[in-house]
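K.L.:
Before I ask anything, here is the structure I am working with.
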Amino acid sequence: MGNICLCITSRISTAPPDCKSLDIPTLSMEAARDTFYRIYENGEQSDSVNKILRQLDFHPLSITLLATVAHHNKWGTRRLAKEWEKQRTGMLRAQRDKSLAATIELSLTSPTFIKLGPDARDLLGVIAFFPQGVNEDNLEWLFPIISDKEGILDKFCLLSLTYRSNGFVTMLAPLRDYLSPKGPGFSPLLHTTKGHYFRKLSVEVDPSGPGFEETRWITSEDVNVEHLLDVFTSVDANSDGVWRACAHFMEHLYWHRPRLIVLGPKVEGLPDSHPSKPECLVQLSRLFWSVGNRAEDKRLLIHTLKLWRERGDDFEVAETLRFLSKANRYLALYEEGISQANEALEIYERHNHIFGQAQTLQNLAFLLYADEQFDAAETAASRSIDLSSSTNNRLGICECHRVLGNIYRSKGETEKAISHYETALGIASSSNWNTQLFWNHYALARLFLNQGGFSDAHVHIERAKSHTVNNPYSLGRAMELEAQVLDEERRFEDAKSEASRAAGIFERLGAAGDLER
């Protein structure tokens, strides 16, 4: 009897005693295609079918049902793609008793599921709504009113309605499509969860403040929050609260996970009279800046400046001018940037706004340095440090030490330059500011490159790269600098390879100036 093996398949994930449990992964793309076309038999392989298979998360039952429906109806691939966009999982019904809905409803009507209580179905719908599912570390603030939420999630996994992945409880796309609320109004729990997310977003992101680390939660939840905002800006477009949350979301991304978002066209499409439009435009411009797209950054800021001037808000005019001066520095429009910084500084001085003065002087120092007005740049940086010290603006002090390092590097005063960079690194390390750590190691690498210290340059480039987590633009800049070092070492093939990788990143991000360079 030793050559007999019994294989048991079950809807639930618990195994009988003394049985070995196997985790069966979803299909590979190749296996999914083979499964589909073995039933379909109505045409050549196509990219549109591959796209649908990915959207089904390579779920075997869903692929089988889809292929059967398409085969029975003799649909070509174009008609199949059209029907899929229209019906989604509603298509997955081969016969009355053979459908994805039937298999899911069997689980939902099981005694195990019913015993979970009245909250279970709504909680399952919320998990289905979010592309990432729900983060198990955040259950307490996401669902404070649901008791035994951990136990309920365990049962969902037991019934194979959900699975665990990278700290999230999530589900395959076909189940998510079927179980997701048909609209936000159909799920009171989703509305409650939205409120919890919005409250988390409303916390100020202050790099010099004690709560800065706590705002890093967005790095694991950004896809969920973006989807939530995308839905609610569509169904509740006139709500100022939704758009304020959108601005806060972009601010969180700028500091912790810089990238562009699908909400950009919606932000620009708001009427100019909308109360949240200028704030949203500013935050959107900063995201473009963070991925190296300086032209878009400036375009959006020019529109924002017009709106604030029309509304007569002096302080916001100054803030926007400060951001514009920074955009012009990266576009090498130094004279224009210096003029804008000086106008912003006048407004801040008129209102005795110390923090704004310090930040603007910092921008001015970088502009004057780039324009090779080194003495004036040093004076501006020193004034900024004095003002920043009075407001405990440690980030501003850190930035000013970096620009002073740049100034002394350009003057050939290496020891002073290194001293300022190391001071900036010390400040940045104590607060775990990855962006500042990156740029100071980058600056040190450039200093050693200019002096022919290629080994030290490589060391600092590697350290810079270690601080590019969630920031592909910075990674591209580090690769570009490494290509320059390799080129100076006459390692031309390695230099070409690194430069090509950097160019690929800049092209994906739309960083045209960096790509051209």
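The values are calculated or read from the model by the stated rules, or taken from the named source; none is laboratory data. Predicted, not measured: the structure shown is a model, and the values here were computed from it. Here the Cβ is made from the backbone with ideal geometry for all residues, glycine too, and neighbour counts use every protein chain on show. With ligands, DNA and RNA removed, areas are computed over all heavy atoms of the protein, side chains included. Shrake-Rupley method; radii C 1.70, N 1.55, O 1.52, S 1.80 Å.
K.L.:
Can you find, among ALA295, LEU307, SER285, the residue farthest towards the positive end of the dipole of the stretch 249-308? Put +1 on the C-beta of Lys and Arg, -1 on that of Asp and Glu.
P.N.:
Result: ALA295.
K.L.:
D for the stretch 266-332, whole µm²/s, Stokes-Einstein with Kirkwood Rh over alpha-carbon pairs at 10 °C and 1.306 mPa s: what number?
P.N.:
135
K.L.:
Next up: Calculate the FRET efficiency for ASN238 and ALA295 from the Cβ-Cβ distance with a Förster distance of 22 Å, rounded to the nearest 0.05.
P.N.:
Plugging the Cβ-Cβ distance into 1/(1 + (r/R0)^6) gives 0.10.
K.L.:
Please work out how much length the chain gains when fully extended from ASN166 to ARG79, using 0.36 nm per residue of separation minus the C-alpha to C-alpha distance, in nm with one decimal.
P.N.:
Difference between extended and current length: 27.7 nm.
K.L.:
Could you provide, to the nearest whole Å², the per residue accessible area of the stretch 109-210 with probe 1.4 Å?
P.N.:
45
K.L.:
Would you mind putting 241-251, 130-140 in packing order, based on average other-beta-carbon counts within 10 Å, highest first?
P.N.:
Going from most to least packed, we get 241-251, 130-140.
K.L.:
Another question, if that's okay. With a 1.4 Å probe and all protein chains kept in place, how do HIS252, HIS191 rank by accessible area, largest first?
P.N.:
Greatest to least solvent exposure: HIS191, HIS252.
K.L.:
Could you tell me which residue out of PRO188, ILE338, PRO144 lies farthest along the dipole of the chain toward its positive end? Charges go on the beta carbon: Lys and Arg +1, Asp and Glu -1, centred on the Cα centre.
P.N.:
PRO188
K.L.:
Taking only protein heavy atoms and a 1.4 Å probe, what accessible area per residue, in Å², does the stretch 406-513 have with all protein chains in place?
P.N.:
46
K.L.:
What are the semi-axes of the equivalent ellipsoid of the stretch 474-517, taken as the square roots of 5 times the eigenvalues of the Cα gyration tensor, listed largest first and rounded to whole Å?
P.N.:
For the stretch 474-517, the semi-axes come out at 19, 8, 8 Å.
K.L.:
Computed on alpha carbon atoms, what radius of gyration and Dmax characterise the stretch 171-251, expressed in Å?
P.N.:
That works out to 14.1, 45 Å for Rg and Dmax.
K.L.:
Order these peptides, 348-358, 489-499, by their mean beta-carbon neighbour count within 10 angstrom, highest first.
P.N.:
348-358, 489-499
K.L.:
While we're here: Please give every one of the aspartates and glutamates within straight-line cross-link reach of LYS306, meaning a C-alpha to C-alpha distance under 18 Å, and leave out same-chain neighbours fewer than 8 residues apart.
P.N.:
GLU268, ASP272, GLU279, GLU296, ASP297, ASP314, GLU316, GLU319, GLU336, GLU343
K.L.:
Mind grabbing the base-10 log of I(q)/I(0) for the chain at q = 0.06, 0.08, 0.12, 0.13 Å⁻¹? Debye formula, identical points on the C-alpha positions, no solvent, two decimal places.
P.N.:
After summing over all Cα pairs, the log10 values are -0.39, -0.67, -1.17, -1.27.
K.L.:
What full-extension length gain, to one decimal in nm, is calculated for HIS191 and GLN451 as 0.36 nm per residue of separation minus the Cα-Cα distance?
P.N.:
87.7 nm
K.L.:
Sequence gap at least 6, Cα distance under 8 Å: using those rules, report the relative contact order of the chain to the nearest whole percent.
P.N.:
Relative contact order, the chain: 8 percent.
K.L.:
Please state the charge dipole magnitude for the stretch 215-345, taken about the Cα centre, from unit charges on C-beta atoms (+1 on K and R, -1 on D and E), reported in debye and rounded to the nearest 20.
P.N.:
360
K.L.:
Here's another thing I want to ask about it. Using only Cα atoms, what is the ratio of the radius of gyration of the stretch 364-517 to 2.2 N^0.38 Å?
P.N.:
1.06
K.L.:
Something else: Pairing the Cα long axis of helix 472-488 with the longest principal axis of the chain, what angle in degrees results, from 0 to 90 and rounded to the nearest 10?
P.N.:
Taking the Cα atoms of the chain, the angle to 472-488 is about 60 degrees.
K.L.:
Sum -39500 (n - 2.57) across every DSSP H segment of at least 4 residues in the chain, then divide by the residue count to get the 222 nm mean residue ellipticity, nearest 500.
P.N.:
-21500 deg cm²/dmol
K.L.:
Please report, in debye to the nearest 20, how large the charge dipole of the chain is about its Cα centre when each Lys and Arg carries +1 at its beta carbon and each Asp and Glu carries -1 there.
P.N.:
1860
K.L.:
What shape does the stretch 247-402 take by its C-alpha gyration tensor, where a ≥ b ≥ c are the square roots of the eigenvalues and a/c under 1.5 counts as rounded, a/b above b/c as prolate, and the rest as oblate?
P.N.:
prolate
K.L.:
Sticking with this structure for a sec: Quick check: Cα centre of the stretch 288-314 to Cα centre of the stretch 161-177, how many Å?
P.N.:
That distance is 40 Å.
K.L.:
When the accessible area of the chain is split by element with a 1.4 Å probe, what percent falls to carbon and sulfur?
P.N.:
On the chain, the fraction of accessible area on carbon and sulfur atoms equals 51 percent.
K.L.:
Return the whole-Å distance between the Cα centroid of the stretch 206-226 and the Cα centroid of the stretch 383-420.
P.N.:
First find each Cα centre; the distance between them is then 27 Å.
K.L.:
Just from the alpha-carbon atoms, what are the Rg and Dmax of the stretch 123-279 in angstroms?
P.N.:
Calculated on Cα positions, Rg and Dmax stand at 16.1, 52 Å.
K.L.:
Right, something else. What percent do you get for the relative contact order of the stretch 447-499 when only Cα pairs under 8 Å and 6+ apart count?
P.N.:
29 percent.
K.L.:
With charges set only on the Cβ (+1 for Lys and Arg, -1 for Asp and Glu), what does the dipole of the stretch 126-240 come to about its Cα centre, in debye to the nearest 20?
P.N.:
So the dipole magnitude of the stretch 126-240 works out to roughly 480 debye.
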